[in-house]
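The values are calculated or read from the model by the stated rules, or taken from the named source; none is laboratory data. Quick caveat: nothing in here was measured; it's all calculated off a predicted structure. So basically every Cβ, Gly included, is an ideal-geometry build from the backbone, and we count neighbours across all protein chains shown. Each accessible area value is taken on the protein alone, full model and side chains, heavy atoms only, with ligands, DNA and RNA left out. Shrake-Rupley method; radii C 1.70, N 1.55, O 1.52, S 1.80 Å.
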Amino acid sequence: MTAIRRLGASLLAPALAVVVAIVITTLVILAIGQHPGTALQVLFDFGDSPSQQTQAIVVILNRAVPLFLAGLAVSVAFRMGLFNIGVEGQYRMATVIAAGAGAAVVLPAPLHLLLIMVVAMAVGAFWAGIVAVLKVTRGVSEVISSIMLNFIALGTASYLLTGPLRGSEAGAAIITTTDIPESGRFPALNGVFDVLGLAQPRTQLYGFLLVAVVVGVVVSVLIRRTRFGFDLRATGLSPSAATASGIDARAMVIKTMLISGAIAGLIGLPDLLGRTYHFGTEFTAGLGFLGIAVALLGRNNPLGIAFAALLFAFLDRAAVPLQFADIPASVVTIIQGTIVLSVVVANEVARQVTRRRAGRDSGQGDTGTAAGGTSAGPEGPIGTRITDDRQGAGA
């Protein structure tokens, strides 16, 4: 019964956020003179032929893979009470340098793929490590430093793309790096459709989906089943208490940001190794910021993040069909933004309800008040977590 209550409490906030988002979006669609039923029909219209339907599934899965990785990268830092808003810059730097490294060498297929992934993870970890070092040595808020590093990353990636790593010819409309050789490209998973007896889609299903699943399992085990995960969660809940129990909060900040950055480095690889084979000016942007929304909706749980990534991918797929139905594609952005806002509010409401219930059960009143307002879980108020963490790190 307790497990059912915990599951219900975990699902309450995301479910409430989705319902609120649907209500607000319905009002928006009515305000622009369209029928909400038409938009709903377009959202769930996967096509008439079997090929169109499998193609829609492939589009959703391919979009969900980088969103899932972005959500994981953000959630690892969230667990520690850190707000890694620099995922956007970390994956951009990682992707452009990995694209350059992958195009510069020719190796046997497994080694070539491994090299590209290692380079991407190393660059992402290095970029996130700068944020961690600034935090533990100079007390610089990771929010401020990561935002600034995002701008530096955008400029640096642009310089690398137009300078040392440029592969497109002068005067080309789209500037790109040199294409990665065949040995550095990730095989597609389209054979799965033959096994399942489904029609083949027009495009490839990213093989990087398997890597994303492995990363999700590893992160889940790391957080829930290891001593490091226990220290991470303990430090995220109360850095001062964790320090008193012998946990090195400074080292935990650095380790957590390195892991978060390494995962962020993988975000651009599904597109790079499965579709474009180069980094260019048209490369997908904004995945790092969407990862924050996905992590919040998934409540920092890998399984929840997977469902949140699929929901966001499902909404993104509908952007073009909505335009064909004379409904602005920005409706999708409104839905996603409303979900994020709603889930933040719903998380806070759910936490307050839980605290009051725990206070009544223990007969000690509001546990949040008893803790002086500094107690914060993984989904706690960001500003509170930052202050607590900084004190714990001695910064």
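General remarks:
- Residue identified as among the aliphatic types (A, V, I, L, M) and more than 21 Å from Val123 (Cβ to Cβ) among Leu258, Leu296, Leu273, Leu287: Leu296
- Of all residues in segment 44-80, those satisfying the criterion of being open to solvent by less than 10 Å² (accessible area, probe 1.4 Å) and either without any contact (Cβ under 8 Å) to a residue 12 or more places away in the chain or over 19 Å from Ala318 (Cβ atoms) (or both) are Leu69, Ala70, Gly71, Leu72, Ala73, Val74, Ser75, Val76, Ala77, Phe78, Met80.
- Tally, over segment 261-290, of residues that are assigned to a helix (DSSP H, G or I) and closer than 22 Å to Ala109 by Cβ: 8
- Among the residues of segment 90-114, the ones that are within 23 Å of the chain's Cα centre (by Cα) and either farther than 17 Å from Val76 by Cα or of a type in the set (A, V, I, L, M, F, W, C) (or both) come to 10 in all.
- Scan segment 276-303 for residues that are more than 13 Å from the chain's Cα centre (by Cα) and closer than 19 Å to Val213 by Cβ and the total you get is 0.
- Residue satisfying condition, being open to solvent by 30 Å² or more (accessible area, probe 1.4 Å), farther than 30 Å from Arg185 by Cβ and within 20 Å of the chain's Cα centre (by Cα), within set Ile259, Ile254: Ile254
- Residue satisfying condition, being within 21 Å of Ala56 (Cα to Cα) and assigned to a helix (DSSP H, G or I), within set Leu258, Leu209, Leu232: Leu209
- Asp316 vs. criteria buried (at least 20 other Cβ atoms within 10 Å of the Cβ) and either without any contact (Cβ under 8 Å) to a residue 12 or more places away in the chain or among the charged types (D, E, K, R) (or both): no
- Scanning segment 131-162 for residues that are more than 26 Å from Met252 (Cα to Cα) and either modelled with pLDDT under 90 or β-branched (Val, Ile, Thr) (or both) yields a count of 2.
- Residue, modelled with the lowest pLDDT, within segment 345-376, restricted to residues that are among the hydrophobic types (A, V, I, L, M, F, W, C) and open to solvent by 60 Å² or more (accessible area, probe 1.4 Å): Ala370
- Qualifying residue in segment 226-249 (condition: free of Cβ contacts under 8 Å to residues at least 24 places away in the same chain, among the basic types (Lys, Arg) and surrounded by fewer than 19 Cβ atoms within 10 Å (Cβ to Cβ)): yes
- Flag if Phe193 is among the aromatic types (Phe, Trp, Tyr), in contact (Cβ under 8 Å) with a residue 60 or more places away in the chain, more than 21 Å from Thr284 (Cα to Cα) and assigned to a helix (DSSP H, G or I): yes
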